[in-house]
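Below is one structure; the comments refer to it alone.
The values are calculated or read from the model by the stated rules, or taken from the named source; none is laboratory data. In this text, all values refer to a predicted model and were calculated from it rather than measured experimentally. As a convention, Cβ positions derive from the backbone with ideal geometry for all residues, glycine included, and neighbour counts pool all protein chains shown. Calculation scope for accessible area: heavy atoms of the full protein, side chains included, ligands and nucleic acids excluded. Shrake-Rupley method; radii C 1.70, N 1.55, O 1.52, S 1.80 Å.
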Amino acid sequence: MVQIHVERTIAAAPERVFDWLADPAGLTSAPLVFKADWATGCSGPGVGAVREVTGVGVWFREEITAYDRPHCYSYLILRSFPVFQHDGGTLTLRPAGAGTHVDWVSSYTHPIRAGGKAMEAVTSRLLPWSFGAVLAGCAKALET
């Protein structure tokens with residue numbers, strides 16, 4: 001099992017950071033992601049909301065499984081290419097001085113049919129880099 005853990009403190013209020021991170025458009029800050037939006041028929045953030053993310057060689061359909069603005073939200077990959085067996089991801093936000101500390105954790109495996117350990121060797125490097133880029137994009141957008 002791969003566990004990703006990325007952290008960053010962003011110089012903005014928790015509500016602003018939460019709203020930016022909960023909006024799928026922010027995921028396009030990751031260099032390999034070129035489209036992210038709410039799934040057809042989904043009106044926006046909240047428990048049960050579904051987002052779709054498309055990038056270079058990847059596609060995810062994720063459901064928001066917990067939503068406690070501005071403290072945390074969790075999600076679960078329902079379908080993807082390559083195939084993930086996702087145990088879930090959670091973004092936790094807490095005040096930190098004049099800003100917000102974001103703690104992002106996600107864990108998963110790739111089944112044998114999707115490359116297993118060999119694919120995990122690749123994604124365990126790419127995904128933390130992508131998560132970090134999303135947090136950097138958030139900081140760039142919100143810090144003044």
What FRET efficiency do you get for Gln3 and Ala98 if R0 is 25 Å and r is their Cβ-Cβ distance, rounded to the nearest 0.05?
-> 0.25
Rg(Cα)/(2.2 N^0.38 Å) for the chain, N = residue count = 1.00
For the range 49-144, state which GluC sites (Glu not before Pro) are in a DSSP loop and have at most 15 other beta carbons lying within 10 Å of their beta carbon.
-> Glu143
So what is the orientation-averaged projected area of the range 1-84, using the convex hull of its C-alpha atoms, in nm²?
-> 6.0 nm²
Using 1/(1 + (r/R0)^6) with R0 = 22 angstrom and r between the beta carbons of Lys117 and Arg79, what's the FRET efficiency to the nearest 0.05?
-> 0.50
Given the Cα-Cα distance of Ala13 and Asp68 and 0.36 nm per residue of separation, how much length would full extension add, in nm?
-> 18.3 nm
Sketch the reach of a paramagnetic label on Ser107 as a point 7 Å from Cα along Cα-to-Cβ, and name the residues of the range 78-93 whose backbone nitrogen lies under 18 Å away.
-> 78, 84-92
From largest accessible area down, sort Thr144, Thr90, Thr123, Thr9; use a 1.4 Å probe on the protein chains.
-> Thr144, Thr9, Thr90, Thr123
Please state the relative contact order of the range 6-94 as a whole percent: Cα pairs under 8 Å, 6+ residues apart?
-> 21 percent
Per residue, how much accessible area does the range 48-144 show when a 1.4 Å probe rolls over the protein heavy atoms, in square angstrom?
-> 48 Å²
Considering the options Pro111, Thr144, Leu93, tell which one lies farthest towards the positive end of the dipole of the range 40-144, charges being +1 on Lys and Arg and -1 on Asp and Glu at the Cβ, about the Cα centre.
-> Pro111
Placing +1 at every Lys and Arg Cβ and -1 at every Asp and Glu Cβ, with all other atoms neutral, what dipole size does the range 71-135 have around its Cα centre, in debye to the nearest 20?
-> 140 debye
Quick one: dipole size for the range 30-96, taken about the Cα centre, charges +1 on Lys/Arg Cβ and -1 on Asp/Glu Cβ, in debye to the nearest 20.
-> 100 debye
How far apart, in nm, are two points set 7 Å out from the Cα along the Cα-to-Cβ line at Trp129 and at Val47?
-> 3.7 nm
The correct ranking of Lys140, Lys117 by accessible area at 1.4 Å, largest first, is Lys140, Lys117
Where the only charges are on Cβ atoms (+1 Lys, Arg; -1 Asp, Glu), what is the dipole of the range 24-144 about its Cα centre, to the nearest 20 debye?
-> 220 debye
Within the accessible area of the chain (1.4 Å probe), percent carbon and sulfur | 56 percent
